[in-house]
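Nothing in this text is a laboratory measurement; each read-out follows from the coordinates by a stated rule. These numbers come from a predicted model, not from an experiment. Because the Cβ atoms are built from the backbone with ideal geometry, glycine has one as well, and the counts that use them run over all protein chains shown.
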Amino acid sequence: MNELTDPTRTPLGATVLGYPRIGRRREVKRAVERYWADAISAEELQACARAERATGWRTMAAAGMTSLPGSFSLYDHVLDTAVMVGAVPPRFRPLLEEDPLSGYFALARGTAEFAPLEMTKWFDTNYHYLVPEVGADTAFSCSPDKALGELTEAAELGLSVRPVLVGPFSLLWLAKSGSADGSGQPLDRLDELVDTYLEVLARLRDAGAEWVQLDEPAAVTDLTGSQQRDLSRAYARLGAAAARPKLFAATYFGDPGDALASLADTPVEAIGVDLVSGTPLDRLAAVPALQSKVLVAGVVDGRNVWRTDLRQQSSRLATLMGLAGQVSVSTSCSLLHVPYDLRDEDGLDPDLKSWLAFAEEKIGEVAALQRCISEGVFATPSVRTAEGEADGSRASLRRSAAVRERLSHHTPGSSRRPPYAQRQPQQASAVPLPDLPTTTIGSFPQTTELRTARAHLRAGRIDTSTYEARMREEIEHVIRLQEDVGLDVLVHGEPERNDMVQYFAEHLHGYAATTHGWVQSYGSRCVKPPILYGDVERSGPITVRWSTHAQSLTPRPVKAMLTGPVTMLAWSFVRDDQPLGDTARQVALALRDEVADLESAGLRIIQVDEPALRELLPLRAADRADYLEWAVDAFRLATSGVADSTQIHTHLCYSEFGDVLTAIDALDADVTSLEAARSRMELLDGVLSAQWTRGLGPGVYDIHSPRVPTSEDITDLLRRATQALPRHQIWVNPDCGLKTRTYEQVTAALHAMVTAAEALRNDASG
Ligand code: GLN
Ligand code: ZN
């Protein structure tokens, strides 16, 4: 009898690739932070984590999930797997051996002595993972304690779980070289790492695991021929093992392309495919080997909040059943990217609410779709559609004729300013500045007092005018500080912003905010992305009163601060009923009005931040040109309405911008600030070869570190910059906003920055 049809074995059936883990009321997040602050013990933290896992598994089982993922993490799932296989830098080994829990957190957060692992974005999401360091001397080892513990825990609850691990190929694909000299690629170590996974699998099988999920999201990126072969070889070896659980290789975040056939040719029992983000069914039809596999069909969107059109998806399932040995219904990716439960949201418009599904609702959808398969009933009218009863109102809540009419007057690609050579002299006479002008990226420290004032306003303990007076005081404080330090272009400090996206979302039609809609950003850091559900419209000026207040306090130029259209999408849950580019244009039009109001109010310098420009970059090269075209177009629509004499600045939060350099150039901002301090101005090579002509502010102060740079450190960085670019193009600024730092650090660092700029100005040799 075929394994797949053997009735003594449980099929995967309805499942999800992963479940949220911060706690429905962020209990886990808080427990982790209290553990760090020594307010609770390790046992108390573990008890909280255990309760969270039990609740998650029970909830999923009650909703009809027949296979439960062991996807919990106290900090990050990549770190969990790295620790499991010993892919950790030698500096942390003694700590891990002495106390696994504090060693684990030390890897994530560093110690007084050792820098933590680097953190970076998880594919094209807003989740951040810790980057494993794998070098020639990394000694892999097998310690699956976490997964073993969860198997036991679940068994005690009468449940069986499927351990979820990052697969060996993706783990190394995500890692960076851990060799001191940067030589050797992590993937060079794949065969040895697979040996360790084989040990892990044997241990999990002995502990009773029937299935193991190995996440291979890297399979949806453009793999080289040799990477394809690496992937195949790894799974051929894992599959050939005698003692192992059944293997479920999960690809997600896009179309696996040729990697699907590679995986299907190995002995893995199940393969996961993301059927939400554009994998064509033809792709599956072209892989006959799927006929002997379980296809884990990711038809419910794991990373956005819209209800699934069950009728449409159930008819796709009918087709899929002909293409695979068995079909198991699932989410497109882990649900860690969405909030827990829509029923917690009392404040949402009931129509809007009826279009949404959070994790809890999504497991219901998965179960309903699996029932379609088991009952053989597809696409009948009894299957609820996504629109439900709300059809009519859905359209009217979503569409604004006025926005559409206005946008029709701005054809895509038509927004352009006159050439920079013409703007530049006018800007120089409108706002005279010295060479190497000094400025900041926008925010100043978000102090406890500011956050408390906001909490009091929300709770009704203070009224709006008291709150606003408090913000105006803060702005005055920030202006005086910048004057004392001697900065050339000042900012108001953004004290009124809880978050650079949420703040604007709260002031735009078409966006809704949730009350409990938290999702993990990294470790214990959570964000509450707003929901962009309808046509975006501005009802009036948003930031003008803050910027004009700041300008009224000083003769020095004040730079106004806005969040750009791409970033407004990247950090929100965005409607999926129209192309992203169309939505970006609507946001851009609202920002264009804000830019115009700022300009009329006398602000001569306006910065539009796009820190997420690279994050939304499609994973496949073939999709990038299209994305960059609409992203650039939206930025220009927002910023091209100003006079030649008005300076447009932009800010991007990274230094490796090679992939998007042409697009950054095409934004046509008069001044661009980028992160550069940590990489010691490496970005200048790219800028040089691109023959950069406009202003550039390569960051000279690493704001991610509590360390305050000396003026010598900064002078040194600036000298490198002046060797690469004419000094009249160079601006002097930190890497990013200062909101996470203390006033003490900021004041000292800004003094050092101004001292360095002045020294260099006086130093004729540059
Ligand atoms: N203006 C924002 C700030 O200074 C920019 C933040 C960002 O780039 N992420 O905080
Ligand atoms: Zn930044």
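Selection among 273, 249, 238 by position relative to the dipole of the stretch 237-280 gives 238 as farthest towards the positive end (Cβ unit charges, Cα centre). Could you list the GluC sites (Glu not before Pro) in the stretch 664-734 that lie in coil according to DSSP, counting only those with at most 15 other Cβ atoms within 10 Å of their Cβ? Filter output for the stretch 664-734: 682.
With the biggest extent put first, the Cα atoms of the chain measure 84, 62, 52 Å across the principal axes. Here the sum of -39500 (n - 2.57) over DSSP H runs of 4 or more residues, divided by the residues of the chain, equals -12500 deg cm²/dmol at 222 nm, to the nearest 500. In terms of packing, defined here as the mean over residues of other Cβ atoms within 10 angstrom, the peptides 128-134, 61-67, 322-328 line up highest first as 128-134, 322-328, 61-67.
Rounded to the nearest 10 degrees, the inclination of helix 580-600 to the longest alpha-carbon principal axis of the chain is 20 degrees. For the stretch 281-384, taking Cα atoms only, Rg and Dmax work out to 14.8, 49 Å respectively.
Projecting the Cα atoms of 305, 141, 378 onto the dipole axis of the chain, where Lys and Arg carry +1 and Asp and Glu carry -1 at the beta carbon, places 378 farthest toward the positive end. From largest to smallest, the equivalent ellipsoid semi-axes obtained for the stretch 541-586 from the alpha-carbon gyration tensor read 33, 9, 8 Å. Against the main long axis of the alpha-carbon atoms of the chain, helix 448-458 sits at an angle near 70°. The fraction of all Cα pairs in the stretch 1-131 landing in successive 10 Å bins from 0 to the largest distance is 11, 33, 33, 16, 6, 1, given as whole percents. Relative contact order for the stretch 269-360: 33 percent, from Cα pairs under 8 Å spaced at least 6 residues apart, divided by residue count. Annotation for the stretch 13-43 versus the stretch 539-565: alpha-carbon center distance of 39 Å. Over 20 Å apart at the Cα level, from the set 121/528; 121/176; 29/528; 176/246, are 176/246. Please work out the Cα center distance from the stretch 680-718 to the stretch 285-307, rounded to the nearest Å. That distance is 45 Å.
Each peptide among 683-691, 364-372 gets the average number of other Cβ atoms lying within 10 Å of its residues, and from highest to lowest they stand as 364-372, 683-691. A viscosity of 0.692 mPa s and a temperature of 37 °C, combined with the Kirkwood radius over C-alpha pairs in the Stokes-Einstein formula, give the stretch 124-281 a diffusion coefficient of 201 µm²/s. Comparing 334, 748, 347 along the charge dipole axis of the chain, the residue lying farthest to the positive side is 347, per the Cβ-charge model. Only the Cβ atoms of Lys and Arg (+1) and of Asp and Glu (-1) were treated as charged; on that basis the dipole of the chain about its Cα centre amounts to roughly 920 debye.
Look at where the Cα atoms of the stretch 204-231 and of the stretch 471-517 average out, and the two centres are 44 Å apart.
Across all directions, the average projected area of the convex hull around the alpha carbons of the stretch 467-548 is 7.5 nm².
Pairwise Cα distances in the stretch 96-166 exceed 17 Å for 63 percent of all pairs.
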